[in-house]
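Trainee: Once you've had a glance at the structure underneath, I'll fire off some questions.
The values are calculated or read from the model by the stated rules, or taken from the named source; none is laboratory data. Keep in mind it's a predicted model, so treat the numbers as computed, not measured. Every residue, glycine among them, receives a Cβ derived from its backbone with ideal geometry; neighbour counts consider all protein chains shown. Quick note on the areas: whole protein, heavy atoms, side chains included, nothing else; ligands and nucleic acids left out. Shrake-Rupley method; radii C 1.70, N 1.55, O 1.52, S 1.80 Å.
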Amino acid sequence: MLKEFKYVKKEGRGMVEEALHMQKELYRFLDAFADGEIPGDEYSLYELKKFVQSVVKNQRKADRFFRVDGYWSLLPEGTHMPSDGRVDFVYIPTYIAVSILTLFLERFPEEAMTIENYIDTLHDGIYFASTRGLRGAGYEAEEGVIESLKILSKGKVFSYLSKNVENDERVKPLYEIVSQKLTHYQELVKENRSLDYGFSKITPEKIKEILKLIERG
């Protein structure tokens with residue numbers, strides 16, 4: 001299990017494969033944390049806090065490719081990447097990081113508040129997470145929305161957004177995106193219509209599952 005937030009330090013052969021492995025490790029960590037396996041007998045609260053501190057430390061500032069502060073990347077700083085690469089190696093890690101920080105704040109608020117710049121880091125991450133509308137790349141745009149919502153639901157991010165939307169302007173854009181998706185999905189279910197995009201579609205039954213995730217998260 002991860003003990004610190006990791007990313008590829010240098011460009012070169014095998015960079016993409018290494019970054020994909022790191023992405024899987026982040027998914028695994030979030031799942032274990034959300035399911036209550038962390039902290040536990042094999043992963044202490046002390047280790048969890050150390051990991052969270054590394055997440056805070058590795059948040060990145062705006063640069064020539066990303067004009068907004070608050071993202072996490074699995075690739076070296078300054079790496080140019082196509083749209084699908086930005087989703088896989090910047091946006092998905094950012095959604096996971098936001099979920100981890102939100103869940104840690106909910107479960108261990110006193111510990112979280114001892115970490116310098118915790119709330120600013122979280123809110124910058126929340127704002128950055130809104131900048132793509134949660135969409136995937138190309139034909140997978142809508143599937144990307146669903147995957148993004150699943151990740152954020154694991155960290156109880158939707159609940160956090162609703163409680164803090166009036167407290168910080170950085171929270172509003174993502175709150176509005178999720179609210180719009182919720183309304184749209186509810187309309188589709190009510191009319192028993194699929195969500196059609198490209199050559200694919202998401203059935204009303206699948207949309208109901210997504211709505212449950214939003215309502216729980």
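Trainee: What's the magnitude of the charge dipole for the chain around its Cα centre, counting Lys and Arg as +1 and Asp and Glu as -1 at the beta-carbon? Answer in Debye, nearest 20.
Mentor: It works out to roughly 300 debye.
Trainee: Are there any trypsin sites (Lys or Arg not before Pro) in the stretch 125-217 that are in a DSSP loop and have at most 16 other Cβ atoms within 10 Å? List them by number.
Mentor: Counting only loop positions with at most 16 other Cβ atoms within 10 Å, the trypsin sites (Lys or Arg not before Pro) in the stretch 125-217 are R193.
Trainee: If you don't mind, there's one more thing I want to ask. Going by average Cβ neighbours within 10 Å, how do the peptides 59-68, 97-106 rank, with the highest at the top?
Mentor: Going from most to least packed, we get 97-106, 59-68.
Trainee: Please find the FRET efficiency linking K201 to D35, where r is the Cβ-Cβ separation and R0 is fixed at 30 Å, and quote it to the nearest 0.05.
Mentor: Step by step, r from the Cβ atoms, then E = 0.45.
Trainee: What is the mean projected area of the alpha carbon convex hull for the stretch 1-158, to one decimal in square nanometres?
Mentor: The Cα convex hull of the stretch 1-158, projected and averaged over all directions, gives 8.8 nm².
Trainee: Can you work out the accessible area per residue across the chain, with the rest of the protein chains kept in place, probe 1.4 Å, in square angstrom?
Mentor: That works out to 53 Å² for each residue.
Trainee: Provide the FRET efficiency to the nearest 0.05 for the K61-K208 pair, computing r from the beta carbons and using R0 = 41 Å.
Mentor: Efficiency, rounded to the nearest 0.05: 0.55.
Trainee: Once you put a point 7 Å from the Cα of M1 and another 7 Å from the Cα of H184, both along the Cβ direction, what distance in nm separates them?
Mentor: Computed distance between label sites M1 and H184 equals 3.6 nm.
Trainee: Right, another one. Of the cross-linked pairs K24/K49; K24/K212; K50/K208; K156/K206; K50/K154; K163/K212, which ones have a Cα-Cα span greater than 29 Å in the structure shown?
Mentor: K50/K208
Trainee: Points 7 angstrom from Cα along the Cβ direction at Y46 and Y139: gap in nanometres?
Mentor: Those two pseudo-labels are separated by 5.2 nm.
Trainee: Return the Rg/Rh ratio of the stretch 131-199 with Cα-based radii and a Kirkwood Rh.
Mentor: Checking Rg against Rh, the ratio lands at 1.00.
Trainee: About the Cα centre of the stretch 98-178, what is the dipole size in debye to 20, counting +1 per Lys and Arg Cβ and -1 per Asp and Glu Cβ, all else neutral?
Mentor: 220
Trainee: Also, I was wondering about something else. Of all the accessible heavy-atom surface of the chain, with the other protein chains kept in place and a 1.4 Å probe, what percent is carbon and sulfur?
Mentor: The computed percentage sits at 46.
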